[in-house]
Structure formats: structure tokens, C-alpha cells
1. Given the residues A:Gly448, A:Gly464, which is the only one that is part of a loop (DSSP other than H, G, I, E, B), away from chain B (no Cβ under 13 Å) and modelled with pLDDT of 95 or more?
2. Restrict the check to the range A:56-66 and report whether at least one residue is buried (at least 17 other Cβ atoms within 10 Å of the Cβ), modelled with pLDDT under 95, in contact with a Pro (Cβ under 9 Å, 6 or more places away or on another chain) and facing chain B (nearest Cβ under 10 Å).
3. Considering only the range B:355-373, state which residues are under 11 Å from B:Gly396 (Cβ atoms) and not polar (S, T, N, Q).
4. Are any of the residues in the range B:420-427 part of a strand (DSSP E or B) and surrounded by 24 or more Cβ atoms within 10 Å (Cβ to Cβ)?
5. Of everything in the range B:359-371, what is surrounded by 22 or more Cβ atoms within 10 Å (Cβ to Cβ) and either closer than 16 Å to A:Thr474 by Cβ or without any contact (Cβ under 8 Å) to a residue 40 or more places away in the chain (or both)? Give them in sequence order.
6. For the range A:102-115, which positions are closer than 17 Å to A:Ala172 by Cα, of a type outside the set (D, E, K, R) and modelled with pLDDT of 70 or more?
7. Are any of the residues in the range A:32-44 assigned to a helix (DSSP H, G or I), surrounded by fewer than 19 Cβ atoms within 10 Å (Cβ to Cβ), more than 10 Å from every other protein chain (Cβ to nearest Cβ) and touching a Ser or Thr at 6+ places or on another chain (Cβ under 9 Å)?
8. Could you say which residue among A:Glu48, A:Glu93, A:Glu85 is within 13 Å of chain B (Cβ to nearest Cβ), of a type in the set (D, E, K, R) and in a loop (DSSP other than H, G, I, E, B)?
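The values are calculated or read from the model by the stated rules, or taken from the named source; none is laboratory data. Given the structure is predicted, the values throughout are model-derived calculations rather than measurements. Quick reminder, even Gly has a Cβ in these numbers, built from the backbone with ideal geometry, and neighbours come from all protein chains shown. Just so you know, the surface numbers come from the protein's heavy atoms only, side chains and all, with ligands and any DNA or RNA stripped out. Shrake-Rupley method; radii C 1.70, N 1.55, O 1.52, S 1.80 Å.
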Amino acid sequence: MPNAIEIAHNTLLAPASLSDSDLDRVMNQLLTSQIDAADIYFQASRLESWVLEDGIIRDGNYNIEQGVGVRAISGEKTGFAYTDEIALPSLLEAGRTARAIARAGSQGTTRLSRTTPTQQLYAPLNPLESMTEEEKIGLLRRLDAEARRQDPRVQQVIASLVAAHDVVLVAASDGTLCGDVRPLVRCNVHVIVEADGRREQGSSGGGARESFQFFVDEERALGYAREAVRQALVNLEAEDAPAGSMTVVLGSGWPGILLHEAIGHGLEGDFNRKGTSAFSGRIGEKVAADGCTVVDNGTLPGRRGSLNMDDEGTPSQCTVLIEDGRLKGYMQDKHNAHLMGGHSTGNGRRESYAHLPMPRMTNTYMLPGQHDPGEIIASVKRGLYAVNFGGGQVDITSGKFVFSASEAYLIENGKVTRPVRGATLIGSGPEVLTRVSMIGNDLELDAGVGTCGKDGQSVPVGVGQPTLKIDNLTVGGTSA
Amino acid sequence: MSEQQLSARQARLEQMVNDLLKEAQQQGASAAEAAVSSDSGLSINVRKGEVETIEHTRDQGLGITVYFGQRKGTASTSDFKPEAIRDTVRAACNIARFTNDDPCSGLADADRMATETPDLDLYHPWDITPEEAIELGRRCESAALELDTRISNTEGASVNSHGGLHVYGNSHGFVGGYPSSRHSLSCSVIGQQNGSMQRDYWYTVSRDAGQLESEFEVGRKAGERTLARLGARKLGTRQAPVIFRADIAGSLLRSLISAISGSSLYRKASFLLDQLGQPIFPAHVQIQEHPRIPGGLGSAAFDSEGVATYDKRIIQDGVLQTYLLSSYSARKLGLQSTANAGGVHNLSITPGEHDLDGLLREMGSGLLVTEMMGHGVNMVTGDYSRGAAGFWVEQGEIQFPVEEITIAGNLKQMFAQLLAVGRDEERRSSIRTGSLLIEQMTIAGE
């Protein structure tokens with residue numbers, strides 16, 4: 001199998017008859033002014049989706065995107081232009097536009113050198129071709145049948161299957177010339193159940209940087225169908241959620257969205273360079289309870305948030321954000337690292353060639369502790385046990401964050417008792433981890449469903465955590 | 001772009017739509033619809049008086065939906081080369097080989113197509129250079145920074161100017177298109193007091209740059225709003241009346257729109273099933289859609305299926321008058337399209353008699369919500385629980401800023417408990433509303 005850089009060359013440069021020396025020419029044109037750094041980002045992507053609804057394959061969509069983005073940096077200033085056309089004249093024009101950020105001046109030159117990827121966390125495959133159309137549709141039908149088979153109260157099943165094949169090539173003024181081929185698949189099942197005039201919903205899914213076989217292996221997709229129905233039926237029985245400050249036990253896995261919102265965003269380099277984060281200037285300080293160690297790790301094989309290299313060509317890595325309760329480091333892209341006197345941590349990401357890169361998370365999770373999850377529940381007299389969540393949001397400046405539970409239970413006298421309706425949980429990022437009083441030994445990562453939004457750009461991410469007990473978190477129910 | 005260049009460009013996009021439809025027919029489709037758009041613009045951000053980013057944007061895209069009888073396939077691309085267009089149509093046709101017959105699928109009915117495309121005054125190009133935009137941003141940001149020494153940091157000021165063309169056509173023979181523009185100026189600053197930081201922002205947006213608020217006004221408001229939040233504290237958990245300030249109250253109307261949209265209804269994924277003709281709000285509430293307001297941010301002469309838009313009452317004297325339907329959801333429900341494929345075009349709730357101060361007096365003691373966080377709305381049940389920040393009010397007077405609280409209730413009850421609508425109408429959105437006073441919600445805090 002050809003490696004990623006060869007595929008990237010053949011996909012992106014060869015059809016436009018662009019050679020490495022053409023890239024040198026564009027780069028040197030960019031550098032003939034007061035430009036500190038510049039990069040060119042080529043991308044071609046294919047996205048295919050299928051939707052089953054009301055028992056039929058209702059819709060399918062195929063999307064073809066390609067283009068190139070050119071960025072020029074001078075001090076804290078960034079000029080950016082992009083074009084849908086991959087060809088030398090439009091590339092030179094985009095370069096002229098981007099470099100206008102700086103006045104004409106000194107000369108600079110660079111020579112790009114091809115580097116082969118240092119890690120292969122996923123195969124450079126095209127997931128769209130990993131199953132025939134008949135097989136994709138057959139899978140969706142099986143999910144519909146599996147969901148309906150679970151319970152006669154299932155009224156509606158919406159199942160979807162999405163695959164993306166993304167080929168990128170990065171050339172940068174520091175000599176970087178490397179490429180990546182990024183497969184991504186996603187499957188989701190959403191159900192609506194009805195009983196005695198009450199309706200509820202449940203949703204489950206997963207994904208990975210793999211072929212569609214991922215969903216067949218271990219009956220994963222069938223598991224999503226069963227899980228969506230289970231959640232919906234639990235919610236049919238749910239009572240009003242409590243309101244107020246109380247002990248909250250968060251389940252393992254996807255509830256790690258807590259770390260993404262409360263901690264992760266506040267530790268992105270751009271906010272800290274500008275001093276706009278509630279964590280700015282606090283490296284070395286105690287921001288979490290003893291035993292809390294949080295990492296951002298882009299090197300987990302096959303994970304949704306993983307990358308062989310980030311969108312600036314830096315290999316992804318495992319960055320320790322909080323070590324045993326102390327703030328250890330920020331997540332950086334090249335630009336912010338340079339301005340703060342450090343190095344990129346492989347977190348420079350962008351939604352596409354038409355967007356500017358910035359520091360973003362990959363897979364963010366807390367390492368496991370000592371406690372058995374059963375022991376954690378047993379220690380709570382009255383509290384909330386929240387195991388599934390919808391989205392979250394953070395105000396990085398005030399540090400306030402929210403995340404919304406979609407499956408939660410009351411804990412009464414050390415036992416999980418009744419299910420309660422979904423409720424938003426709110427807290428303060430710099431405080432919440434100082435209130436962690438027990439850390440489970442059951443670290444789990446999410447099923448591969450996360451998408452993070454920042455400045456209007458979406459990128460796939462992962463989260464994870466062991467079961468966590470947090471003393472005093474505000475639960476936004478209606479039952480005061 | 002000059003008038004002449006513009007109409008040449010529009011003619012080119014219309015030709016592309018026709019080519020797409022023809023290609024679909026040649027590849028065997030029994031019907032097809034296509035949309036093509038092309039936009040360009042400038043985004044600049046200034047921070048601490050220095051330009052931070054200059055982005056030149058140029059976005060184009062085309063999408064095609066083909067029908068083979070009742071089977072459907074769609075494909076899209078940003079590549080406008082002839083061979084890419086053929087490949088895209090082929091991809092859509094390939095998808096349609098595998099989708100199922102759906103008795104409700106197909107184009108909107110031919111007799112509902114818009115017969116004319118009135119000039120809705122949506123295109124006002126802004127002849128601004130990057131240098132001028134940078135100066136504008138600088139003046140805006142300094143108006144905020146100079147306001148008070150407690151304004152300690154800034155995320156900067158942004159100037160955005162975008163314009164473009166959108167053309168839609170289908171195999172009924174309908175082809176329509178129009179140019180539109182959108183310009184905005186925004187500012188976001190950070191204040192500090194006793195070691196804790198707060199951030200707030202303000203923006204102005206219009207189709208016509210001449211209608212934008214002045215840069216000094218935008219900067220001053222961003223600064224004032226940030227200062228007002230300093231010293232925020234939590235509240236104890238309680239039940240209280242809540243006012244959603246006009247600038248965020250549109251989110252409640254968005255929940256209404258979603259709940260009465262055909263796609264939620266036929267999936268039974270709405271808390272407002274079977275409510276046509278039923279009172280949803282108190283009798284004083286009137287909500288309507290005016291899709292053809294000249295210069296309106298949501299204005300359009302036809303929806304995303306070519307159906308002619310028209311004025312309609314959605315809530316009259318509190319009673320639900322119509323659902324919001326595309327041709328597909330209408331067929332699913334045995335109804336007619338309401339020209340809402342792709343959403344609503346200029347929805348408004350009729351303003352009441354009081355300004356915000358008047359509403360605060362009417363509320364007496366309660367919570368004025370000025371920011372919401374998160375997505376805690378369950379559209380199936382109407383359960384509502386969101387993070388909030390704002391001000392605690394007693395005897396009609398703001399007492400202190402609050403944060404790190406949640407507000408919770410059920411949308412069905414909240415709509416029924418809409419006591420008053422302010423006359424402080426928010427005009428920067430295609431959804432226009434004044435501040436909204438809700439009788440009671442649960443506030444969770446300390």
C-alpha cells in the first residue's frame with residue numbers, strides 16, 4: 001500500500017501538474033516580505049451519508065470538496081486566502097493576497113523537503129469503498145430491525161451511516177512537506193418510544209478512523225440500536241430532576257465531556273497567549289484534587305480524535321495538561337507556541353482548507369484512580385448519577401461551563417434508585433476538579449461520537465474518564 | 001461587483017443550474033432540482049489596536065437532487081469544472097439507485113412555484129478596503145477599551161463583509177436567483193474585578209453597511225455590557241419569574257419553530273403534536289412571518305424548493321394557526337407546503353406596550369436572563385434546562401449580576417406562561433422579538 005505522502009501527492013498535486021519545485025516557488029513568493037512563517041494546505045475530501053427513516057432508505061448524499069488555503073504570518077498578524085481551484089496561478093494569487101498582511105521588505109527562501117509520516121495510527125484507506133452500497137444499506141436495515149425487535153413501544157427509528165475520506169498535504173516555511181490520509185466513519189441510531197401518551201427519545205452511536213467493518217466487528221452497530229432503545233425506555237420512567245447543588249457521580253467514558261469543556265478549552269494556547277482564559281498564567285498551580293491527571297492524546301490508534309500529524313504537519317503527541325492536580329501545560333499550534341516561546345504540541349487543527357488553524361483538542365481524558373465504581377456510588381448519601389450526556393459549552397473567560405445529562409439517576413443512601421429527566425449541570429472550570437473526591441479505576445473512552453466547535457469550526461474529537469465523584473456541582477432540574 | 005458584472009455572473013450561475021438539470025435528465029432522472037451559490041468576502045480582526053487576521057473568503061458550491069420516480073439521491077461539490085459537475089450528477093444518480101421508493105418524495109408542486117422574483121433590496125455591496133476595515137475595527141475596539149480602567153483585556157473587534165449570488169432551479173422549469181449581502185461589525189472585551197474576569201460583546205449586522213450602528217456605539221455597548229457583569233455571584237435555588245432579554249429571547253421562538261416544523265411533527269419528535277387550532281400561548285400573543293420585507297435579514301421570494309413565500313399568521317390570539325412545512329413534510333402529514341422548506345423567513349412576535357424597564361417593574365422580583373449556555377432542550381418532551389447568566393431583580397430594579405446558575409422548566413408550560421412581550425424589539429436577526437416575561441421557572445444555584 002502506498003504511504004500517506006504518496007497518496008497525497010497523487011491526489012492533490014499530480015492532477016494539477018504541480019511539482020515540489022512549484023511549491024518552493026509559491027513558498028518563496030510568500031516569504032519575499034516581512035513574513036515570519038507561511039504554510040500551504042491542500043485538501044481533497046469525499047463524504048458519503050445514508051439515512052434510514054420510517055423503515056426505508058430515505059436519503060443519501062455524496063459530497064466532493066477540494067481546495068487549498070494559504071497563510072502568511074508576520075508577528076501576531078495573520079493573512080489568509082484560499083481557493084477551490086488547485087492550480088499554480090490561483091495558488092500564486094492566493095499567496096499574493098495572504099502576504100499582503102506585511103509590507104514588502106526583506107527576502108527569504110526555504111526549500112521544502114518531503115518527510116514520511118512518523119506514525120501510522122490508522123491505515124490510509126478509503127472508507128467509502130470499504131463496503132458496497134448494498135452492504136451499507138443492509139447494515140442500516142438490520143439496525144432498524146434490531147431497534148424495533150427490542151420493544152413494541154419503539155415508534156420511530158432513524159439510523160445513519162457516514163464515511164469521510166480526507167487527503168491533506170501541508171507545505172510550510174520551516175521546510176515541512178508532509179501528508180496524511182484520514183478515514184473517518186460514523187454510525188448513529190436515534191429512536192422515539194411511546195407509551196400511555198408519553199414520548200421519549202434515545203440516541204446512541206460510535207465511530208473511528210477505520211473502515212465500515214468497524215461497525216460489523218463485535219456487533220458494534222447492533223449494540224448502538226439496543227443502547228438507543230434502552231436509553232429511551234429508561235427516560236419513559238424518568239421523574240423530575242432535582243435542582244440545586246449536590247454530589248454528582250459521573251459515569252466513565254462519554255461524561256469526560258466534562259474535562260473537554262471545564263478544562264480543555266481553557267488550556268488551548270491561543271486563549272492563554274492572549275490572557276483571556278480563566279487558566280491564563282496559572283502553570284504550576286493546583287487546579288485539581290490530588291490524583292487528577294488529565295492528558296490530551298492524539299496518538300491513540302484508530303480513535304476519532306487521533307491524527308498522524310496535525311494540520312500544520314506536526315506529529316500528534318500525548319500532552320499532559322494536569323498532573324496529580326497541578327496545571328502542567330497548554331495545547332499549542334505553531335503560531336501560538338512561537339509567540340509564547342515554546343513548541344507546538346501537535347494540536348494545530350482546522351476544519352478545512354477554507355479555515356485558519358488554531359489550537360484544538362484531540363482525545364482528552366483523565367487517567368484512572370483507585371476506586372471501584374460500586375464503592376463510589378455506595379459512598380453517596382444523596383446525589384445524582386449521570387451516565388449519558390448531550391452537548392456542552394464553556395465561557396473560557398469566566399470559566400463557567402455546562403453539559404447536559406440525557407440519562408441520569410438519583411443516588412439515595414448509597415444506591416442508584418430512580419431515573420430522572422435530563423438536566424444541565426453547571427460549574428466553574430478552575431474549581432470543579434478541586435472537588436473531585438473519588439476517582440474510579442475504570443477509565444473508558446467514548447464510542448467515537450464527539451465533535452468540537454470553536455470559532456465556527458468543527459473538528460472530530462474524543463473524550464474519556466473513569467467514574468468520578470464530584471462534591472457540590474449545580475444540577476439544573478425543576479424539582480427544587 | 002458592478003451591476004453589469006453581477007447580472008453576467010447571475011446568468012452564468014443560472015446556466016449552470018440548467019446544465020445540471022439537463023445532465024440529470026440525460027443520466028435518466030425523471031425529475032431534478034439544483035442550487036448553486038457563489039460568495040466572496042472579507043473578514044478582519046483587530047486586537048489591541050493591531051490587525052490580527054485578514055481573511056479573504058471565496059466560497060462556492062452546487063448541489064443536485066435527482067429523482068428516479070419516487071427514489072431520490074443528492075450530491076454536492078465546491079468544484080465548478082464541467083467534469084466535476086458531471087461527476088456530481090453521476091454520484092447523485094448512483095445514490096438514487098439504492099434509496100427506496102418514498103411515496104412522499106419529489107419536487108414541490110408545479111403550481112406553487114414563485115412566478116416572479118421581486119427585488120427585495122437584499123444586495124448592497126460595501127466598497128471597503130482592508131485598510132479601512134482595520135481602521136474601523138480599531139476605532140470600535142478603542143471605544144470599548146477607553147470606557148473604564150476595569151476593561152483589562154480584549155478579544156478585539158471584527159469587521160465582516162460578504163456578498164454573493166444564490167440560484168435555484170428544478171425540472172418544472174423554475175429557475176430563480178438573487179444577489180444578497182451581509183455586513184457586520186462586532187466587538188468583545190474583557191473586564192476584571194477582584195481577580196475574576198468577565199467577557200461580553202456587541203454587534204451590528206445589516207444587508208446595507210449604511211444601516212450599521214456606528215463603531216463607537218458598538219464598542220461602547222460591548223464595554224458597558226462587560227462592566228455590568230463584573231462582580232457576578234450565584235443565586236440560591238428557587239422558583240421565580242424570568243425575563244429573557246430581547247437579544248437572547250429569539251432562542252425561545254427558535255424552539256417554537258422547531259416544534260411546529262413538519263420534520264419534527266411527522267417523526268413525532270415534537271412536544272407540540274396535534275396542536276393545530278389549540279391555544280399554545282396566552283391570548284395576547286401574535287406571531288407572524290413576513291418573508292418579503294425589503295432588506296430583511298431573512299427575506300426571500302421563494303423557499304429552498306422554489307415555492308413562492310407569503311405572509312402568514314402562525315399564532316393568532318395565542319392559538320396555533322399553521323405548521324411550518326416543506327413539500328415532503330406536508331405530504332407526510334397530508335397537508336400543503338407552507339413555503340418553509342429551509343426554514344422561516346422573518347418571523348416576529350408583536351411587541352407589547354412596555355420597554356425592558358417596564359417589564360422589570362411588571363415582574364417585580366425575579367431573574368433577568370442575558371446569556372444562556374448549552375443545549376439542554378428536549379424537543380420531544382419540551383423539557384428545558386440551560387445554563388444562564390444575568391441579573392437578579394427586586395421591585396423592578398436590577399440588584400446584582402448573577403452567574404453559574406441554571407434555569408429549568410418545560411417549554412409547553414413556558415409558552416403558556418408568557419405573561420408579556422416587550423417593545424424593545426431585537427432587529428439584528430431574522431427572528432424579531434422583544435424581551436419575554438415568563439411567569440415561573442426553577443433556578444438552580446447554590
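1. Numbers: A:Gly464 fails: part of a loop (DSSP other than H, G, I, E, B).
Every option except A:Gly448 fails the conditions.
2. Scanning the range A:56-66, I find no residue that is buried (at least 17 other Cβ atoms within 10 Å of the Cβ), modelled with pLDDT under 95, in contact with a Pro (Cβ under 9 Å, 6 or more places away or on another chain) and facing chain B (nearest Cβ under 10 Å), so the answer is no.
3. Here is the first cut: in the range B:355-373, the residues under 11 Å from B:Gly396 (Cβ atoms) are B:356-366, B:368.
Correct list: B:Leu356, B:Asp357, B:Gly358, B:Leu359, B:Leu360, B:Arg361, B:Glu362, B:Met363, B:Gly364, B:Gly366, B:Leu368.
4. The initial filter retains those residues of the range B:420-427 that are part of a strand (DSSP E or B), namely B:420-421.
From the residues that got through so far, the ones that are surrounded by 24 or more Cβ atoms within 10 Å (Cβ to Cβ) too are B:421.
The answer is yes; a qualifying residue exists.
5. If the condition is that a residue be surrounded by 22 or more Cβ atoms within 10 Å (Cβ to Cβ) and either closer than 16 Å to A:Thr474 by Cβ or without any contact (Cβ under 8 Å) to a residue 40 or more places away in the chain (or both), then B:Leu367, B:Val369 are the ones that fit.
6. From the range A:102-115, those closer than 17 Å to A:Ala172 by Cα are A:107-115; that's our starting set.
Now drop any that are not of a type outside the set (D, E, K, R), which leaves A:107-110, A:112-113, A:115.
Answer for the range A:102-115, where residues must be closer than 17 Å to A:Ala172 by Cα, of a type outside the set (D, E, K, R) and modelled with pLDDT of 70 or more: A:Leu112, A:Ser113, A:Thr115.
7. Looking only at the range A:32-44, we keep the residues that are assigned to a helix (DSSP H, G or I), and these are none.
No, because not a single residue in the range A:32-44 is assigned to a helix (DSSP H, G or I), surrounded by fewer than 19 Cβ atoms within 10 Å (Cβ to Cβ), more than 10 Å from every other protein chain (Cβ to nearest Cβ) and touching a Ser or Thr at 6+ places or on another chain (Cβ under 9 Å).
8. Details: A:Glu48 fails: in a loop (DSSP other than H, G, I, E, B); A:Glu93 fails: in a loop (DSSP other than H, G, I, E, B).
Just one listed residue meets the conditions, A:Glu85.
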